[in-house]
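Engineer: The structure that follows is given in the form of structure tokens.
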Amino acid sequence: MTVKTLALFGGSKAIPEPFKRYNSIGQEELESVKSIVESGVLSQFLGCWDPDFYGGPKVQEFERQCEAYFGVKHAITVNSWTSGLIAAVGAIGIEPGDEVIVSPWTMCASATAILMWNAIPVFADIEPETFCINPSSIEKNITPYTKAILAIDIFGHSADMDAIMDIAERHGLKVISDTAQAPGTLYKSQKTGTLAHVGGYSLNYHKHIHTGEGGLLVTNDDDIAERLQLIRNHAEAVVEDKGVHNLTNMVGYNFRLGEMECAIGIEQLKKLDDLVAGRQRAAERLTAGLHELEGLRTPIVNPDCTHAYYMYPLILDIDKLGVSRTRIIEALAAEGVDGLAGGYVNVHLLPMYQQKIAFGSKGFPWTSDICRRDVNYTKGICPVAEGLHDSSFLGYEMCVYELTDTDVDLIIQAFKKVWANIEKLKLVE
Ligand SMILES: *Cc1c(COP(=O)(O)O)cnc(C)c1O
């Protein structure tokens, strides 16, 4: 067999043209927005105790449809999932200085939402198979101050919810699911994100379905739902007239999503199952083509779960390959495989945590009396997550492209070509 010269060394590219960008927005969304623009009422929320406290007709229609789709009692829209996470942490009744256990292998907002209520993020390590928070690491990080667990269904695969809910029950903790990357997937025949006390989804433009910006909270708890709605919409001005007596965290924001976004959301929700199925089809074809390559681990999907492949996660066996991830990414990129990355810079290694400077300049909340112990954010606390980012994780950003079978086959060819040239790559290390 003749081995073709790598594009990195002047050969021709395995993928000559860039793939089509993912775009779930079409004529349906355009039509749905027209009548709202014509009406001139782009949002109908009022920040006081009034029927419009719950928003206009499209907000409510979208929320009722999400309740039916996700199989939950309450779905509550917000203007981003970052807002949704902040509302969720407040609604479960967190106190300043309470600790919330979260994984560092995520987008920064998962942990920032905890800080926004002056609570303290504590980082637990992840499972090497699913990249979600590891239940035994959660247990090791529980202290008398722990109040909640924030579990992220990262890349599109659910966290180990049975184990997490069991820990929560034994220790009297609340659980929040950040399911931004896994809408429409299943955990033991229930929709991922709905097993926690409160969970939800992002509707930003990278995600499977989107409304430009937006987010969606889901819960089966009436009390949490009411508090989420209050935090979304100026709680402090509403509680008295609504007859709400528990003022814990009834500090409101404007987290309201508009009529146009919700009209688009209604159309997007109809497409979600097909969009996820399309992503799964492409991922499974990719796995079938890549799984035989030496030193490369294709994604693991637990038997009782489905995967949404926001990111297609691969693991490199660097020792076996004898080539660094940087060199492999370089070689694949030269072949035309765009969108490869080394995964998340661990959140606890961001400057805010390393220097413990968040609110103001003097180390609040860590240096204040509300923080009752010296919380450790040094490198080494999450060896699995840190190691993945340092050397062995290789993520393909499937969310960016609309991949046809032909495209997937080209990606497979590019990988095979690079793998056939591994010995030559070693020479340039
Ligand atoms: C996208 C995302 C968020 C933030 O969602 P926004 O709607 O952009 O605020 C939070 N967590 C995870 C895991 C995400 O992927």
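The values are calculated or read from the model by the stated rules, or taken from the named source; none is laboratory data. All of these numbers come straight from a predicted model, not from anything done at the bench. Every residue, glycine as well, gets a Cβ built from its backbone with ideal geometry; the counts of neighbours run over all protein chains shown.
Engineer: Can you find, within segment 214-225, the residue that is nearest to the ligand (Cβ to nearest atom) among those that are of a type in the set (D, E) and touching a strand residue (DSSP E or B) at 6+ places or on another chain (Cβ under 9 Å)?
Structural biologist: D221
Engineer: Surrounded by 24 or more Cβ atoms within 10 Å (Cβ to Cβ), more than 16 Å from the ligand (Cβ to nearest atom) and either at pLDDT 95 or above or at positive phi (or both), is that true of A119?
Structural biologist: When the stated conditions are applied, A119 passes them.
Engineer: Where in segment 314-361 are the helices (runs of 4 or more DSSP H), entirely inside, with at least 1 residues that are more than 20 Å from G289 (Cβ to Cβ) and among the aromatic types (F, W, Y)?
Structural biologist: In segment 314-361, the matching helices (runs of 4 or more DSSP H) lie at 351-354.
Engineer: So which of V41, V59, V33 ends up being surrounded by 13 or more Cβ atoms within 10 Å (Cβ to Cβ) and in a loop (DSSP other than H, G, I, E, B)?
Structural biologist: From the options V41, V59, V33, the qualifying one is V41.
Engineer: Further question: Criterion first (away from the ligand (no atom under 11 Å from the Cβ), within 25 Å of T306 (Cα to Cα) and hydrophobic (A, V, I, L, M, F, W, C)) does I133 satisfy it?
Structural biologist: yes
Engineer: Considering only residues that are within 12 Å of the ligand (Cβ to nearest atom), outside any helix (DSSP H, G or I), small (G, A, S) and within 13 Å of Y201 (Cβ to Cβ), which ones fall in segment 68-116?
Structural biologist: Passing the criteria: only S80.
Engineer: Sticking with this one: Which of the residues spanning segment 241-252 are surrounded by fewer than 19 Cβ atoms within 10 Å (Cβ to Cβ), under 13 Å from F53 (Cβ atoms) and either among the basic types (K, R) or in contact (Cβ under 8 Å) with a residue 60 or more places away in the chain (or both)?
Structural biologist: Listed by number, the residues that qualify are D241, K242.
Engineer: Taking interchain pairs and intrachain pairs at least six residues apart, which have beta carbon atoms under 7 angstrom, with the first residue in segment 218-229 and of a type in the set (D, E, K, R) and the second in a helix (DSSP H, G or I)?
Structural biologist: R227/A91
Engineer: Say we look at segment 136-160 and pick out the residues that are within 16 Å of the ligand (Cβ to nearest atom) and part of a helix (DSSP H, G or I); which of these is surrounded by the fewest Cβ atoms within 10 Å (Cβ to Cβ)?
Structural biologist: Across segment 136-160, the extreme among qualifying residues is F155.
Engineer: Also: Quick check on my filter: what residues within segment 171-195 are within 14 Å of the ligand (Cβ to nearest atom), within 11 Å of D153 (Cβ to Cβ) and of a type in the set (A, V, I, L, M, F, W, C)?
Structural biologist: Matches in segment 171-195: A180, A182.
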